[in-house]
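Each remark here refers to the structure printed beneath this line.
The values are calculated or read from the model by the stated rules, or taken from the named source; none is laboratory data. Quantities reported herein were computed from a predicted structural model and do not represent experimental measurements. Reconstructed Cβ throughout: ideal geometry from the backbone, glycine too, with neighbour counts over all protein chains shown. Side chains included, ligands, DNA and RNA excluded: accessible areas come from the protein's heavy atoms. Shrake-Rupley method; radii C 1.70, N 1.55, O 1.52, S 1.80 Å.
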Amino acid sequence: MHNSQFTIHNTAVRRILLSIMTFLCVGLLFAQDFSDDDFFFADDDGIIEMEEVAAPKTDLARGVLFETGSVKIGGTFDLSLTTLTTFSKEKVFKDELKDTLLLPTAGASLTVDARPTENLRMYMKTGIAYPFVTAGNAALMGNPIKLPEILFQSPEDITIPTLISNDMSLRNMFYVKELFSDFNLGQNVAIRFGKQTVTWGVGYFYSPSDVINLTQIDPENPTAQVEGPLCLRSQVVFPGTQAAIYSYIIPDTSLNITSNGLGVMARDTALAAKGEYVIGGWEIGGGAWYKYQNPSRLTATASGTIFNKISVFGEAVFAFDQDTKFGQGTAGFMYNWKTPEITFMGQYYFNGDESAKEAFTGAYGQNAAIAINFGKILNKKVTANIFGISNFTNETTIASAMLNYNPVNELKVSAGPYIMWKDYKEKPVTSAKITVTLGGGKF
């Protein structure tokens with residue numbers, strides 16, 4: 001492969017590094033006298049933990065809806081407005097403002113965690129997201145639009161029909177994220193059946209070992225829960241050890257209409273198994289995935305801590321069948337500088353899957369992502385985030401630096417540049433991004 005595929009254009013590098021170093025210097029200048037509270041990232045497993053709320057001590061307030069069990073109900077609200085103004089030499093400032101995009105977000109999720117008996121758990125997570133289905137538009141809507149898909153289209157071209165013509169998947173804005181039931185068979189075997197998010201990988205921005213879930217991590221929103229499949233999972237633990245084995249039976253997602261109703265072909269069911277073992281503070285895992293007429297996959301994962309301070313992780317995948325063989329690998333780190341509340345994260349990812357050449361993030365070849373988060377600038381009400389992601393093979397990069405202001409808990413204003421290189425030989429697309437979060441949160 002030609003060396004130019006793995007070389008970052010010098011001009012692009014200087015622009016990114018200059019922006020990041022300037023922002024870092026400003027942040028470090030003011031990042032003094034910080035405490036250790038309020039680490040940024042939580043809920044990394046995608047399951048919302050619901051806090052108890054003080055209430056009158058009735059049976060209902062304690063969550064007792066069954067004589068032998070309880071129910072916990074919680075959820076989230078996500079409400080925000082984002083504007084994106086793109087600058088170019090071909091337009092005057094007045095026209096750029098006129099073409100500013102407004103991207104509203106209005107969504108909510110509801111979780112129900114019921115335990116009617118000691119041995120049975122039933123869990124459901126559903127939600128709704130804008131644009132809402134009403135009597136006037138009762139048709140399938142497009143998925144939420146991502147910024148990389150917007151920046152290279154003219155505003156007049158961004159319509160629902162355009163999204164449909166671009167083969168974007170469609171879904172009703174009412175959705176089911178998870179719906180499963182847990183129960184035990186004896187002391188050492190647990191069974192889960194239903195739609196569920198499966199955690200196989202350990203990566204933060206990229207996770208090639210995540211071969212079961214239906215969607216991949218979005219590097220620009222890595223804490224968002226990915227879409228899991230309907231599957232049957234069994235877990236076997238070994239008493240006296242920190243080891244477990246998981247097995248999965250995963251029906252295909254392509255429904256067929258038959259005389260007996262909707263169904264899938266049994267031969268298209270995927271089978272998977274994974275083992276995990278904790279030794280010396282390190283979690284080691286290995287797995288295998290098989291599906292008819294698809295490349296089989298072998299996976300390996302490792303995560304732990306070095307120098308008692310830096311969290312590190314890595315994954316390796318080998319995919320193979322009669323016609324296809326390729327490898328994938330990733331390694332990354334996370335360091336939380338408690339005082340002055342700065343978190344550094346970085347990850348490298350090599351993707352040997354040539355079918356992913358057209359993807360924008362996590363594409364074929366060499367990828368890297370980095371994020372720096374400031375938990376406090378001047379005071380707790382002002383925070384900042386720096387983010388960058390590149391594919392060195394396709395020569396594409398996204399970089400952003402956002403300053404966040406929280407005057408009150410219910411209001412957050414974020415603003416900063418959003419810069420995108422589609423080709424290092426061309427000038428980047430530079431935009432001003434402003435997001436206002438209004439209310440929302442967990443309950």
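In this structure, the amide hydrogen of Thr269, modeled 1.01 Å from its nitrogen in the peptide plane, lies closer than 5 angstrom to those of Asp252, counting only residues at least 5 positions away or on a different chain. Backbone geometry of the range 230-246 corresponds, through the Karplus equation with coefficients 6.51, -1.76 and 1.60 at θ = phi - 60°, to 3J(HN,Hα) couplings of 7, 7, 10, 10, 10, 10, 10, 9, 10, x, x, 10, 10, 10, 8, 10, 10 Hz, x marking Gly and Pro.
Stokes-Einstein D for the range 169-284 at 25 °C, 0.890 mPa s, Kirkwood Rh over Cα pairs, in µm²/s? Answer from the Stokes-Einstein relation: 151 µm²/s. Rounded to the nearest whole Hz, the Karplus-based 3J(HN,Hα) values (6.51 cos²θ - 1.76 cosθ + 1.60, θ = phi - 60°) of the range 340-348 follow the sequence x, 6, 10, 10, 10, 9, x, 7, 10, with x at glycine and proline.
Annotation: peptides 319-329, 417-427, ranked by per-residue average of other Cβ atoms within 10 Å with the highest first, follow the order 417-427, 319-329. Protein heavy-atom accessible surface, 1.4 Å probe, per residue over the range 223-280: 59 Å².
For the range 310-381 and the range 69-130, write down the distance between their C-alpha centroids in whole Å. So the separation of the two Cα centres works out to 24 Å. Residue ranking by accessible heavy-atom surface, 1.4 Å probe, largest first, among Val198, Val413, Val408 comes out as Val408, Val413, Val198. Taking a straight line from the alpha carbon of Lys98, these lysines sit under 18 Å away, with near neighbours fewer than eight places off in the same chain left out: Lys89, Lys433.
A cut-off of 5 Å between modelled amide H atoms, ignoring neighbours fewer than 5 places along the same chain, links Thr396 with Asn391. Just the protein heavy atoms count here, and of the accessible area of the range 251-355 at 1.4 Å, carbon and sulfur take up 58 percent.
Residues in the range 307-315 carry Karplus couplings, in order, of 6, 6, 9, 9, 7, 10, 8, x, 9 Hz; the curve used is 6.51 cos²θ - 1.76 cosθ + 1.60 with θ = phi - 60°, and Gly or Pro positions show x.
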